[in-house]
Amino acid sequence: MTSLPKLEILQKIADSGLVAVVRAESSDQACRIADACAEGGVGAIEITFTVPGALAVIVDLARRDAANNILIGAGTVLDPETARAAILAGAQFVVGPSVSAETARLCNRYQVPYMPGAGTITEIVNAMECGADVVKVFPGELLGPGFVKAVMGPLPRARLMPTGGVSIENTGEWIRAGCVAVGVGGNLTAGAKRGDYQSITELARQFIAKIREARGKAH
């Protein structure tokens with residue numbers, strides 16, 4: 001299980017501002033994507049349970065975490081059973097496409113950050129009331145930065161992170177709208193399909209530069 005305190009994990013995700021969402025065709029490809037992301041400065045990597053042998057990938061990457069200095073999380077987690085397996089395998093945060101009160105309780109029991117997906121303000125409030133640490137705005141491509149800006153009006157303390165549709169072009173908009181971080185999948189990792197892992201490293205650096213620029217920090 002994670003050795004880092006929960007608040008430290010959340011702070012590291014917020015500081016980096018970028019969570020790389022890995023959906024790969026094999027465990028080997030997932031590991032190579034993770035290495036490329038780490039080289040590009042990504043602070044957190046989400047291994048989705050759609051990856052073949054996802055648990056083994058999490059175990060492998062968690063063991064190498066100290067060397068890469070990155071957080072390893074589990075994604076596409078739908079229930080507490082999967083969340084517990086992921087945490088015992090070494091996952092340091094848990095992400096789901098929807099809100100699960102049972103999964104929230106399990107993650108809180110282990111003091112591991114839980115980031116469920118939500119697409120309406122009602123779902124966001126439900127997630128917060130369940131104890132979600134960050135709410136994943138999903139699907140991001142349908143909702144857009146304007147949705148986040150509107151939500152932040154009545155819910156200024158909501159910690160939001162979009163996934164889906166986040167690109168180099170709109171990353172700054174999401175951050176300026178009030179998101180604590182962005183989750184990026186295919187727009188970051190597409191190079192893996194053609195064996196071009198260097199492009200993932202370069203794109204990661206560009207995403208981080210856009211995040212820092214939107215926050216008003218020097219590159």
**OP:** Would you check which residues across the range 36-66 are surrounded by fewer than 20 Cβ atoms within 10 Å (Cβ to Cβ), out of contact with any helix residue (DSSP H, G or I) (no Cβ under 9 Å at 6 or more places or on another chain) and under 20 Å from I208 (Cβ atoms) and list them?
**Re:** D65
Original post:
Among the residues of the range 16-31, how many are over 15 Å from V95 (Cα atoms) and either surrounded by 16 or more Cβ atoms within 10 Å (Cβ to Cβ) or within 13 Å of the chain's Cα centre (by Cα) (or both)?
Top reply: 7
Original post:
Say we look at the range 210-219 and pick out the residues that are surrounded by fewer than 17 Cβ atoms within 10 Å (Cβ to Cβ) and of a type outside the set (D, E); which of these is modelled with the lowest pLDDT?
Top reply: H219
Original post:
Under the condition of being more than 14 Å from the chain's Cα centre (by Cα) and under 27 Å from P154 (Cα atoms), which residue from the range 172-209 is surrounded by the most Cβ atoms within 10 Å (Cβ to Cβ)?
Top reply: W174
**OP:** Looking at (1) out of contact with any Gly (no Cβ under 8 Å at 6 or more places or on another chain); (2) surrounded by fewer than 24 Cβ atoms within 10 Å (Cβ to Cβ); (3) closer than 18 Å to L160 by Cβ, find the lone condition where K12 falls short.
**Re:** (1)
Subject >> Filter result for R109 (within 23 Å of E8 (Cα to Cα), of a type in the set (D, E, K, R), without any contact (Cβ under 8 Å) to a residue 12 or more places away in the chain and open to solvent by 60 Å² or more (accessible area, probe 1.4 Å)) >> reply: yes
Original post:
In this structure, is L88 open to solvent by 60 Å² or more (accessible area, probe 1.4 Å), farther than 19 Å from V135 by Cβ, of a type outside the set (S, T, Y) and in contact with a helix residue (DSSP H, G or I) (Cβ under 6 Å, 6 or more places away or on another chain)?
Top reply: no
Subject >> Which numbered condition L7 fails, given (1) more than 24 Å from E81 (Cβ to Cβ); (2) open to solvent by less than 60 Å² (accessible area, probe 1.4 Å); (3) among the hydrophobic types (A, V, I, L, M, F, W, C) >> reply: (2)
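The values are calculated or read from the model by the stated rules, or taken from the named source; none is laboratory data. Source: prediction; values computed, not measured. Using ideal geometry, Cβ is built from the backbone for each residue, glycine included, and neighbour counts are taken over all protein chains shown. Surface areas here come from the heavy atoms of the whole protein model, side chains and all, with no ligands, DNA or RNA. Shrake-Rupley method; radii C 1.70, N 1.55, O 1.52, S 1.80 Å.
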